[in-house]
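Engineer: One structure, as structure tokens, below. Some questions next.
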Amino acid sequence: MSENLDDAGPDPIDVAVGHRIRVRRKWLGISQSNLADHLGVSFQQVQKYERGANRTSASMLVRIAEKLETTVGELVGENDRPTGDESLFEKLAVPGAVQLLEAFASVQQPQLRTAILNLTRSLIEETEEPAPKRAR
């Protein structure tokens, strides 16, 4: 018996396209509601496109690309260059990631950028270490 494709979850290609839409939208500071108004759909529908839960039709991709000032090719990953990290778009789609990147990029002093990176890494390491056992 063959497995139903709907049971397997969203297609990875649809998810990747959705991530690119989300990253580009957030980069431009466009809300889901604003994009939805432009497309003539609900903001919930935009959320579904961005999660890859609903496939984005070719005509919708053209309208999305127009609003996001990019090309359909960019949204479908046609122009992607290998970065060594295939999950870059997933990381940029994390809430706050684009804003953090913008803030970091605005820091002009190299020493301050290094300090920010070191602080961030130390905070992450602290949360990953198991809590010390208390003596009884």
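Engineer: Would you mind listing the helices (runs of 4 or more DSSP H) fully within the stretch 26-136 where at least 3 residues are at pLDDT below 90?
Structural biologist: 88-92, 97-106, 110-128
Engineer: Of these, 55, 22, 63, which one is touching a helix residue (DSSP H, G or I) at 6+ places or on another chain (Cβ under 6 Å), among the charged types (D, E, K, R) and without any contact (Cβ under 8 Å) to a residue 40 or more places away in the chain? Let's see the steps before the verdict.
Structural biologist: On the way: 55 fails: without any contact (Cβ under 8 Å) to a residue 40 or more places away in the chain; 22 fails: without any contact (Cβ under 8 Å) to a residue 40 or more places away in the chain.
Among 55, 22, 63, only 63 is touching a helix residue (DSSP H, G or I) at 6+ places or on another chain (Cβ under 6 Å), among the charged types (D, E, K, R) and without any contact (Cβ under 8 Å) to a residue 40 or more places away in the chain.
Engineer: Please specify each residue of the stretch 40-59 satisfying the condition of being surrounded by fewer than 19 Cβ atoms within 10 Å (Cβ to Cβ) and more than 18 Å from residue 94 (Cβ to Cβ).
Structural biologist: Within the stretch 40-59, the first condition is being surrounded by fewer than 19 Cβ atoms within 10 Å (Cβ to Cβ), and the residues that meet it are 40-45, 47-48, 51, 53-55, 57-59.
Hits for the stretch 40-59 are 40, 41, 42, 43, 44, 45, 48, 54, 55, 57, 58, 59.
The values are calculated or read from the model by the stated rules, or taken from the named source; none is laboratory data. Everything numeric in this text was worked out from a predicted model, so none of it was measured. Reconstructed Cβ throughout: ideal geometry from the backbone, glycine too, with neighbour counts over all protein chains shown.
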